[in-house]
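This report concerns only the one structure given below.
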Amino acid sequence: MLKKRIKYIDYNGNSREEDFYFNLSKAEIMEMEMSTTGGLTEMITRIVETQDAPSIIKVFKEIIMKAYGEKSPDGKRFIKSQELSESFAQTEAYSELFMELASDSDAASKFVNGIIPADMAREVEKQQQQASLPTAG
């Protein structure tokens, strides 16, 4: 789970700084992976490699909207709904987050690694490190 503090100006002109929560469960990640031809990871890799900006924007919005929710007071549940996601998307906090992720690949990478379960994030990081190791030749 990722707790992200976002500074923004609301529609009354007030400066605000609030914490927002984002999380994707293993089941949600599997569902996203299995519902995309070739898998979500492969699709994102293709989009990034081809620099397909419209598709990158669409994927970021989808991930943000799927990951946004509110923690229950007892911490047992992470509550998500279309209504909660749409409500968040109607704030300038969403706009600030979206612009940050769309313009900063490091921030985008940290966001994605922050919203997936810790054990999955460690595995992804390990795979990225192995992929960047030079091969002996």
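Laid out as a table, the results:
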item	result
About the Cα centre, charge dipole magnitude for the chain (Lys/Arg +1, Asp/Glu -1 at Cβ), debye	300 debye
Kirkwood-based Rg to Rh ratio, the chain, C-alpha trace	1.00
Prolate/oblate/rounded label for the stretch 56-105 (Cα gyration tensor, a/c 1.5)	prolate
For Ser81, Ser15, Ser109, order by how many other beta-carbon atoms lie within 10 Å, fewest first	Ser15, Ser81, Ser109
Likely footprinting exposure, Leu97, Leu84, fewest C-beta neighbours within 10 Å first	Leu84, Leu97
Translational diffusion coefficient (Stokes-Einstein; Kirkwood radius from C-alpha pairs) of the stretch 1-66 at 10 °C, 1.306 mPa s, in µm²/s	113 µm²/s
Dipole magnitude of the stretch 42-97 about its Cα centre (Cβ charges: Lys, Arg +1; Asp, Glu -1), debye to nearest 20	240 debye
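All of the numbers you see were taken from the coordinates with simple rules; none came from a lab. Since we're looking at a predicted model, the values are computed, not measured. Positions of Cβ are backbone-derived with ideal geometry, glycine not excepted, and every protein chain shown enters the neighbour counts.
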